[in-house]
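Heads up, the thing below is written out as structure tokens.
The values are calculated or read from the model by the stated rules, or taken from the named source; none is laboratory data. All of these numbers come straight from a predicted model, not from anything done at the bench. Ideal geometry is used to build each Cβ from the backbone, glycine not excepted, and the neighbour counts take in all protein chains shown.
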Amino acid sequence: MKTDSLLQTLEKQLAMLEARAAPLANFATLGPRFDRQLFQTRSTRLEACLTEARHNLNALKQAVEQQQLPQIAWLAEHLAAQMEAILRETDAWSLRSWDTGSPALTRWQRKRLQHQEYERRLLALWREREQLLAQATGFEEQQRLSREVETCAGRLQRCQKALQDIEAVLARMTR
């Protein structure tokens, strides 16, 4: 019984971590985010790390069902370390300094990272304005918020277009 409640707690913590990391999940970094012993994925996107952690949680559940004690201990410790690392990464995202690499490629990768951060902030602003618009009662306030929502949506669209263009340049450069 105790193991079931611990597994449920891990499930809830991972779900909360996935929700917390969702705005950053698809953003790539220039270099690897984590040590290869912690995460096997070669992707620099947080989404891949979350998927691997989810896979390890499922493997832990299966090991518990089959009562494989050494595997349970290793998976539980490994999953805890993964979840802690993802949490630190989400907390430190805004403080992350841009990685270094070859000059031309690095410039475009930095642009991508900066635009991803712009996109994240614009998306948060757009959602906030939409919520305010839904709660607005006065006509003038609704009109003002509607214009702000449209402005944010336009900026977000231009930012996403710029990100697509940057991704295309990076794809050409790394062929």
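Overview of values
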{"read-out": "Scope the range 22-48; condition farther than 16 Å from residue 81 by Cβ and not in a loop (DSSP other than H, G, I, E, B); matching residues", "value": "22, 23, 24, 47, 48"}
{"read-out": "Condition met for residue 133 (touching a Lys or Arg at 6+ places or on another chain (Cβ under 8 Å) and at pLDDT 90 or above)", "value": "no"}
{"read-out": "Output for the range 27-49, where each listed residue is over 14 Å from residue 93 (Cβ atoms) and small (Gly, Ala, Ser)", "value": "31, 43, 48"}
{"read-out": "Condition broken by residue 24, with the remaining ones in (1) touching a Phe, Trp or Tyr at 6+ places or on another chain (Cβ under 8 Å); (2) farther than 11 Å from residue 89 by Cβ satisfied", "value": "(2)"}
{"read-out": "Number of positions in the range 163-175 that are touching a residue at least 12 places away in the same chain (Cβ under 8 Å) and under 20 Å from the mean Cα position of the chain (by Cα)", "value": "3"}
{"read-out": "Matching residues in the range 129-175 - criterion: being closer than 23 Å to residue 114 by Cβ, in contact with an Asp or Glu (Cβ under 8 Å, 6 or more places away or on another chain) and of a type in the set (A, V, I, L, M, F, W, C)", "value": "156, 159, 163"}
{"read-out": "Residues of the range 57-93 satisfying the condition of being buried (at least 18 other Cβ atoms within 10 Å of the Cβ) and under 20 Å from residue 22 (Cα atoms)", "value": "57, 79, 82, 83, 86"}
{"read-out": "Filter pass, residue 99 being modelled with pLDDT under 85, closer than 30 Å to residue 160 by Cα and either of a type in the set (Ser, Thr, Tyr) or touching a Ser or Thr at 6+ places or on another chain (Cβ under 7 Å) (or both)", "value": "yes"}
{"read-out": "Some residue of the range 129-137 being assigned to a helix (DSSP H, G or I), at negative phi, under 21 Å from the mean Cα position of the chain (by Cα) and among the basic types (Lys, Arg)", "value": "no"}
{"read-out": "Test for residue 61: is it assigned to a helix (DSSP H, G or I), farther than 30 Å from residue 119 by Cα and of a type in the set (Lys, Arg)", "value": "yes"}
